[in-house]
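Peer 1: After the structure tokens below, expect a handful of questions from me.
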Ligand SMILES: *Cc1c(COP(=O)(O)O)cnc(C)c1O
């Protein structure tokens, strides 16, 4: 069994994907061009945000947002303690002071009350200026944006939505990647909408920021690439990936999003009554299921379970093994390095979560196989 079966997806979309790739190869133009422009338009329309700027990957997308706001050493940036490394790596790389914030036990997303507390602490301390909150749509479910937005407004903070795992999700009618002042996503192959390599995108309603992001992504260009008005980077989505993504976006919207939600529903049915906790999707929220992450009872040995699953050819992963404030890279940057009392929800959850195979092409019988194997291994 595959954790995320991209081969099955390719078999389904092969005629369109092959044709899209062949067309780019025939044209012989591999950077920019119509496929990239058209994809940006389609993505912006889908998310319902004015501007979409494609770039090389999700990490660059975060960096482009932070550079647009000129985030630097005086600034505090608030990030969840439980997320992929990039979310905190990018502000740290800009020299900002990164503040780790604990998460909600049920959704794994940033806890608004802990965020408010963290902002207050930084304000009282007065060493850094609170500037940005990076909220993550973890495992496919949007963060708690109504509360997070209120906190941002009250404290004059910019909101950056890290929708690398969230693309396709929504709260009510409002889509993921439309909640931030700037929002980003990633097209890494295993994300909800993935390409066949690396890719990413930045979204914003603001004209001036969109222009600055485009400039920063092309060496800080002014009127053209050889007129440079700021220090930027080289971050492009290549033409082949854009052509592939147009095919994949259509399948994602018309079919895959519904099917991956079906697979999640099957898991819930098949795991009903077991001692593990299935993911909680809040009322009015819709997930794009980047991961299907269950919580094991604290007393069970996770590695033993993973080994037993593996013996039956069932892959599993642990997202994430440790809190960001345990990572060696942040040793010098936080007063709480390795502190088990700090962000206690994250500390606890890191030892009980287990992510199971999920993707739009999974069949009910496969979901059942995983569920039975899990029950029998507990
Ligand atoms: C994957 C991911 C990123 C980074 O995306 P890349 O395209 O791999 O650079 C950032 N944030 C989160 C939450 C992610 O899951």
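The values are calculated or read from the model by the stated rules, or taken from the named source; none is laboratory data. Everything numeric here is computed off the predicted structure, so don't read it as measured data. Heads up, the Cβs are rebuilt from the backbone with ideal geometry, glycines too, and the neighbour counts pull from every protein chain shown.
Peer 1: Does any residue in segment 143-157 that is more than 26 Å from residue 281 (Cβ to Cβ) come within less than 8 Å, Cβ to Cβ, of a residue that is modelled with pLDDT of 95 or more and in a helix (DSSP H, G or I) six or more places away or on a different chain, and which pairs are these?
Peer 2: 155/119; 155/123; 157/119; 157/151
Peer 1: Taking helices (runs of 4 or more DSSP H) that fall entirely within segment 296-378, which contain at least 1 residues that are modelled with pLDDT under 95?
Peer 2: Hits in segment 296-378: 364-377.
Peer 1: Answer with yes or no whether residue 215 is closer than 19 Å to residue 134 by Cβ and more than 16 Å from the ligand (Cβ to nearest atom).
Peer 2: Against the criterion (closer than 19 Å to residue 134 by Cβ and more than 16 Å from the ligand (Cβ to nearest atom)), residue 215 does not qualify.
Peer 1: Among the residues in segment 185-200, are any surrounded by 19 or more Cβ atoms within 10 Å (Cβ to Cβ), away from the ligand (no atom under 14 Å from the Cβ) and within 21 Å of residue 86 (Cα to Cα)?
Peer 2: Scanning segment 185-200, I find no residue that is surrounded by 19 or more Cβ atoms within 10 Å (Cβ to Cβ), away from the ligand (no atom under 14 Å from the Cβ) and within 21 Å of residue 86 (Cα to Cα), so the answer is no.
Peer 1: Follow-up. When the residues of segment 283-295 are filtered to those that are in a loop (DSSP other than H, G, I, E, B) and closer than 13 Å to residue 138 by Cα, which remaining residue is nearest to the chain's Cα centre (by Cα)?
Peer 2: 290
Here is a yes/no grid of residues against (1) at pLDDT below 95; (2) more than 19 Å from residue 41 (Cβ to Cβ); (3) not in a helix (DSSP H, G or I):
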| residue | (1), (2), (3) |
| --- | --- |
| 189 | no, yes, yes |
| 197 | no, yes, yes |
| 208 | no, yes, no |
| 231 | no, yes, yes |
| 240 | no, no, no |
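Peer 1: How many residues are in contact with a strand residue (DSSP E or B) (Cβ under 7 Å, 6 or more places away or on another chain) and within 16 Å of the ligand (Cβ to nearest atom) if we restrict to segment 280-324?
Peer 2: Going through segment 280-324 one residue at a time, the tally reaches 7.
Peer 1: With the condition kept exactly as written, say whether any residue in segment 252-266 is in a loop (DSSP other than H, G, I, E, B) and either under 30 Å from residue 69 (Cα atoms) or touching a helix residue (DSSP H, G or I) at 6+ places or on another chain (Cβ under 9 Å) (or both).
Peer 2: Checking segment 252-266: not a single residue is in a loop (DSSP other than H, G, I, E, B) and either under 30 Å from residue 69 (Cα atoms) or touching a helix residue (DSSP H, G or I) at 6+ places or on another chain (Cβ under 9 Å) (or both).
Peer 1: Of all the strands (runs of 3 or more DSSP E) wholly in segment 29-145, which have at least 1 residues that are modelled with pLDDT of 95 or more and within 13 Å of the ligand (Cβ to nearest atom)?
Peer 2: Correct list: 51-55, 75-80, 129-136.
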